[in-house]
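Peer 1: I have a structure here, written as structure tokens, and I will follow up with some questions on it.
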Amino acid sequence: MIQRGYRYKLGPTPEQEDLLAQFAGVCRLIYNIALEQRRDHWQRFRSRTGQNISYPSQARELTLLRDEFDWIAAVSQTCQQQTLRDLDRAYQNWFKGIAKYPTPRKKGRNDTFRYQGREVQTRKLNGKWSEVRLPKIGWVGYRDTRALRGKINNATISLDAKGWHISFAVAIEHEAPANIAPSVGVDRGVANTLALSTGERLCVPERLIKLEKRQRRAQKMLSRRKRGSRRYAKARKRVATLSALRSRIRKDWHHRASLDLSRRFGTVVLEDLKTRNMTASAKGSADEPGRMVRQKAGLNRSILNQGWHIFETLLEYKLEERGGYLCKVPAHYTSQTCAECGTVDRESRQSQASFSCKHCGHTDHADTNAAKVILRRNTASMDMEEGHWLSCEVSTRKSRKALENPPPSGGGRC
Ligand SMILES: [Zn+2]
């Protein structure tokens, strides 16, 4: 079973567009009221009822609200329940320590609501268009850019600077035969987004960097405008359009790169990166101000510009579809380790681009060397040389036996 998302651009009529905005607005309001209740009134609620505020208690109050106000009852109840579930999950994630405290949803940023899969139906209209039936809204057309497969779990409708979109989360029954294609190690970096152990180096389009600069300029202009004015709205639209464009270009590139890798290789080995830890601010506190804060902020921006996380997500399901799998190995010292002899020496990394081992004299492009190290960390030989056991985390649900890697002397050439 593979979980996938399919996103399409909706083509609503002006009346439907008003309805979509109304649904998103009411769901946002419910989210914010429910958040306020959990944030400010949980103690009073507990002393009154002896229980904590939870999803069931809030869903019961939602029913009362719907009886009282027609404009709340005008919006699908499941959409509102899904919104309460979102809030509940946000709290669970905060309790677990994997997310920050939930914040209110904002107009223009969180215009979104969700139906359950069994409530929506789709049908094809012609070669380019299909339509989806949304309860209480009706049949809404969408630009059918690729075939929808599998069983729909839910459908999320959202607005960005380019208009309304629908994402179907689907579950696909799929059993792929084991893939016997060779393995490859991939090093993710800033100068080269992806470096393969085969010696190839791939980089996100340069246009992304230019667009990022343009967006920063637009952001600066926005901050000078008077809030609520027409010129402010225009500047905000500009920032949002640039941001949406950037994310589209980045995603497209990662789709292509991950598709290419999943077709050529059976096993892809990545280093286990914690992007959030890597992009923490260097600002420090008032008592202990950090050093090189601006430089670190610039590095963080370039790391986030690369889209490492999105690459991992796309690659994982593309490999799974073809019977391959994604493997993650610990990331420490990959840039300072020699791929030939396994010696760790920071002197070996001479510059951003060149690696020359102080121990055995092996020279290579620094990123290619790191990719080979990552590939070899997936095999036992390297673990022994480095003197510690590095466990491999297989991210597919069914863990299978690792495929044979090329021998170390092959340097990962496939
Ligand atoms: Zn060496």
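Peer 1: Any residue in the stretch 119-133 that is surrounded by 15 or more Cβ atoms within 10 Å (Cβ to Cβ), of a type outside the set (A, V, I, L, M) and in the same structural domain as GLY25 (by TED's automatic domain parsing)?
Peer 2: Checking the stretch 119-133: not a single residue is surrounded by 15 or more Cβ atoms within 10 Å (Cβ to Cβ), of a type outside the set (A, V, I, L, M) and in the same structural domain as GLY25 (by TED's automatic domain parsing).
Peer 1: Among (1) farther than 30 Å from GLU175 by Cα; (2) crowded, with 16+ Cβ neighbours inside 10 Å; (3) touching a residue at least 60 places away in the same chain (Cβ under 8 Å), there is one condition TYR6 misses while meeting the rest; what is its number?
Peer 2: (1)
Each row is one residue, and each column tells you yes or no for (1) closer than 22 Å to TRP308 by Cα; (2) in contact with a His (Cβ under 9 Å, 6 or more places away or on another chain); (3) not in a loop (DSSP other than H, G, I, E, B).
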| residue | (1), (2), (3) |
| --- | --- |
| ARG263 | yes, no, yes |
| VAL268 | yes, no, yes |
| LEU273 | yes, yes, no |
| ALA280 | yes, no, no |
| ASP287 | no, no, no |
| ARG291 | no, no, no |
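Peer 1: Looking only at the stretch 62-93, count how many residues are touching a residue at least 12 places away in the same chain (Cβ under 8 Å), under 13 Å from LEU35 (Cα atoms) and open to solvent by 30 Å² or more (accessible area, probe 1.4 Å).
Peer 2: Final tally of qualifying residues: 3.
Peer 1: I would also like to ask the following. Do the conditions hold for THR145, that is, is it closer than 30 Å to LEU273 by Cβ and surrounded by fewer than 18 Cβ atoms within 10 Å (Cβ to Cβ)?
Peer 2: It is false that THR145 is closer than 30 Å to LEU273 by Cβ and surrounded by fewer than 18 Cβ atoms within 10 Å (Cβ to Cβ).
Peer 1: Restricting to the stretch 331-360, and then to whatever is within 26 Å of the chain's Cα centre (by Cα) and within 16 Å of the ligand (Cβ to nearest atom), can you tell me which residue is surrounded by the most Cβ atoms within 10 Å (Cβ to Cβ)?
Peer 2: Here the answer is THR334.
Peer 1: Follow-up. Name the residue, out of LEU202, LEU222, LEU211, that is of a type in the set (A, V, I, L, M, F, W, C), surrounded by 14 or more Cβ atoms within 10 Å (Cβ to Cβ) and in contact with a strand residue (DSSP E or B) (Cβ under 9 Å, 6 or more places away or on another chain).
Peer 2: After ruling out the rest, the residue left standing is LEU202.
Peer 1: Next up: Tell me whether the stretch 308-330 contains one or more residues that are open to solvent by less than 50 Å² (accessible area, probe 1.4 Å) and within 9 Å of the ligand (Cβ to nearest atom).
Peer 2: Applying the first criterion (open to solvent by less than 50 Å² (accessible area, probe 1.4 Å)) to the stretch 308-330 yields 308, 310-312, 314-315, 317-321, 323-330.
From what's left, within 9 Å of the ligand (Cβ to nearest atom): none.
Scanning the stretch 308-330 turns up no residue that is open to solvent by less than 50 Å² (accessible area, probe 1.4 Å) and within 9 Å of the ligand (Cβ to nearest atom).
The values are calculated or read from the model by the stated rules, or taken from the named source; none is laboratory data. This one's a predicted model, so the numbers in the text were calculated from it and none came from an experiment. As a convention, Cβ positions derive from the backbone with ideal geometry for all residues, glycine included, and neighbour counts pool all protein chains shown. Just the protein is used for accessible areas: all its heavy atoms, side chains included, with ligands, DNA and RNA removed. Shrake-Rupley method; radii C 1.70, N 1.55, O 1.52, S 1.80 Å.
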